[in-house]
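Here's the structure we're looking at; comments come further down.
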Amino acid sequence: MLPATTSAHDRLRHRPQLCRCSRINVASIAPRVPPSHVRRRRASSCGLDEPVDCSYHKARLSVADAVCTARSRKCRREADSNAADRRRNASPVNFRPRSDKMSISRRRFLRNSAVAAGLCAVSPAVRATSARHGPRRVVFVELAGGNDALNTVIPAADEIYRQARPTLGIPPEAALPLTSGFALHPAMPEIHRLFQRGQLAVIAGAGYPRHDRSHLGSAAMWHRGSFDTAAPDGWIGRWCERMACESDNPLMAWVGGDRPGMFASAIATAQPIQLPANGAAMRLSGSLEIIARRIIDGTPVRFFHTALGGFDTHAGQGPVHAALLRELSTAVGRFMDLLAQRGCSEQVLLVIFSEFGRRCRENGSAGTDHGAAGAMLVIGNDVKGGLYGGYAPLRSEPGLDIPASVDFRQCYAAILESWLDTPAQLILGRDVRPIPFL
């Protein structure tokens with residue numbers, strides 16, 4: 001309660017206040033108050049701290065609104081005036097009159113064009129894209145787990161093979177004949193037809209020395225294309241790096257993505273393909289069909305990779321391995337037929353490989369254990385079909401591997417030099433003699 005001797009001004013100062021001005025009678029406040037967000041905006045435009053509700057401050061806000069409006073109009077007038085001054089003071093554009101004689105003659109233009117065309121023809125990156133119907137592509141199918149090469153490319157005439165595999169050995173009369181005493185597994189009729197057409201090169205005994213029988217280590221060796229375990233990238237990544245640096249071909253740039261980090265590793269250059277959510281393309285046939293569609297649609301991808309797992313057959317190998325090879329053969333046959341129907345088969349080289357082979361002698365579980373030498377299959381219209389290489393002499397003693405007789409990098413060298421028009425030593429790091437299947 002206020003003392004009786006207080007003045008009217010003091011009594012007004014101690015009443016609940018709606019504004020910061022004690023000189024204004026609170027009873028004179030207008031009954032209609034603007035919304036709080038309008039009051040807050042108006043107060044901030046005039047430099048006030050809080051929204052106000054008294055007629056005094058409303059009058060100030062009205063004046064402030066008028067000042068702000070006039071100020072904005074003045075700014076617009078000044079901007080228009082400055083723009084007009086700049087237009088008046090700008091120097092006129094000096095258009096050069098057209099001369100009677102062009103700055104470059106037709107003869108010089110044709111000569112320069114011929115030189116440019118010659119430079120493009122010399123570049124291996126451009127030659128690599130000069131397939132008859134589009135860029136040359138390589139499709140890799142990896143048989144993950146260690147495919148049994150001896151039951152895929154069968155040494156049908158080898159007596160040791162039959163002795164070492166009394167239950168798993170494929171009888172010669174059941175196998176699909178190739179040449180020189182070799183045959184394919186009977187579950188591979190589509191791939192055998194490609195051999196009969198001269199479109200399949202079989203490389204028997206492919207691998208590398210000092211094998212450690214490790215799935216991850218062996219797969220990394222094949223992907224690196226190098227015996228150097230410290231190599232940070234793969235041979236495909238090195239090829240993409242070199243070709244993209246030698247040419248501004250958009251196909252090369254697209255494969256690697258952004259140039260600053262595109263060559264850190266082979267994985268960084270990969271372009272994953274989205275598979276359907278229903279899982280229909282999770283098997284090899286669906287995956288190869290997706291790749292075929294991308295090639296037919298003209299997707300500018302030079303390398304494709306897919307895999308078929310299940311080849312680590314330590315037990316019960318017979319029916320399992322036959323089913324896997326049947327799936328492989330069916331998928332490859334369908335893939336090549338689809339490309340041929342659309343006129344794209346001449347663009348594609350299909351390479352089938354596995355990280356290692358398996359031992360000659362079957363184990364006690366009707367399976368085979370990790371070995372060294374394997375087999376590669378290379379398919380394409382430009383392939384010189386036939387059998388290349390061969391297995392080292394087989395040995396039936398337990399625990400003995402079949403050593404590699406063909407350096408797997410020789411296959412890569414052939415692909416680089418004869419398909420991608422690139423010197424193999426630039427990518428593989430040394431002079432590797434290519435296998436002449438292209």
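The values are calculated or read from the model by the stated rules, or taken from the named source; none is laboratory data. The shown structure was predicted, so the numbers you read here are calculated from the model rather than taken from an experiment. As a convention, Cβ positions derive from the backbone with ideal geometry for all residues, glycine included, and neighbour counts pool all protein chains shown.
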For segment 308-323, name all the residues that are over 15 Å from residue 151 (Cα atoms) and either surrounded by 16 or more Cβ atoms within 10 Å (Cβ to Cβ) or modelled with pLDDT under 95 (or both).
308
Verdict on residue 294 being charged (D, E, K, R), modelled with pLDDT of 80 or more and closer than 29 Å to residue 356 by Cβ
no
Among the residues of segment 306-356, how many are over 19 Å from residue 187 (Cα atoms) and among the charged types (D, E, K, R)?
3
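For every residue, the table says whether it meets (1) surrounded by fewer than 24 Cβ atoms within 10 Å (Cβ to Cβ); (2) at pLDDT 95 or above; (3) touching a Phe, Trp or Tyr at 6+ places or on another chain (Cβ under 8 Å); (4) not aromatic (Phe, Trp, Tyr).
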| site | (1), (2), (3), (4) |
| --- | --- |
| 329 | yes, yes, no, yes |
| 351 | yes, yes, yes, yes |
| 410 | yes, yes, no, yes |
| 416 | no, yes, yes, yes |
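Please verify whether segment 357-366 includes one or more residues that are without any contact (Cβ under 8 Å) to a residue 60 or more places away in the chain, among the basic types (Lys, Arg) and farther than 30 Å from residue 209 by Cβ. Show your work before the answer.
Of all residues in segment 357-366, those without any contact (Cβ under 8 Å) to a residue 60 or more places away in the chain come to 359, 363-365.
Next, from what is left, pick out any that are among the basic types (Lys, Arg): 359.
Next cut, farther than 30 Å from residue 209 by Cβ only: none.
No, segment 357-366 contains no residue that is without any contact (Cβ under 8 Å) to a residue 60 or more places away in the chain, among the basic types (Lys, Arg) and farther than 30 Å from residue 209 by Cβ.
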What number of residues within segment 363-373 satisfy the criterion of being modelled with pLDDT of 95 or more and surrounded by 24 or more Cβ atoms within 10 Å (Cβ to Cβ)?
1
Just the residues that are in a loop (DSSP other than H, G, I, E, B), surrounded by 13 or more Cβ atoms within 10 Å (Cβ to Cβ) and on the phi > 0 side of the Ramachandran plot, please, taken from segment 199-219.
213
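Condition check ((1) touching a Pro at 6+ places or on another chain (Cβ under 8 Å); (2) among the hydroxyl-bearing types (Ser, Thr, Tyr); (3) not assigned by TED's automatic domain parsing to the domain that holds residue 150) across all residues:
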{"residue": "395", "(1), (2), (3)": "no, no, no"}
{"residue": "398", "(1), (2), (3)": "no, no, no"}
{"residue": "402", "(1), (2), (3)": "no, no, no"}
{"residue": "405", "(1), (2), (3)": "no, yes, no"}
{"residue": "416", "(1), (2), (3)": "yes, no, no"}
{"residue": "421", "(1), (2), (3)": "yes, no, no"}
{"residue": "434", "(1), (2), (3)": "no, no, yes"}
{"residue": "438", "(1), (2), (3)": "no, no, yes"}
Somewhere in segment 163-179, is a residue crowded, with 22+ Cβ neighbours inside 10 Å and under 34 Å from the mean Cα position of the chain (by Cα)?
no
Given (1) surrounded by fewer than 17 Cβ atoms within 10 Å (Cβ to Cβ); (2) within 23 Å of residue 161 (Cβ to Cβ), index of the condition residue 423 fails:
(2)
Just to be sure before I move on: is residue 425 assigned to a helix (DSSP H, G or I) and modelled with pLDDT under 95 in the structure I sent?
yes
Here, strands (runs of 3 or more DSSP E) confined to segment 331-394 with at least 3 residues that are over 22 Å from residue 180 (Cα atoms) are 348-353
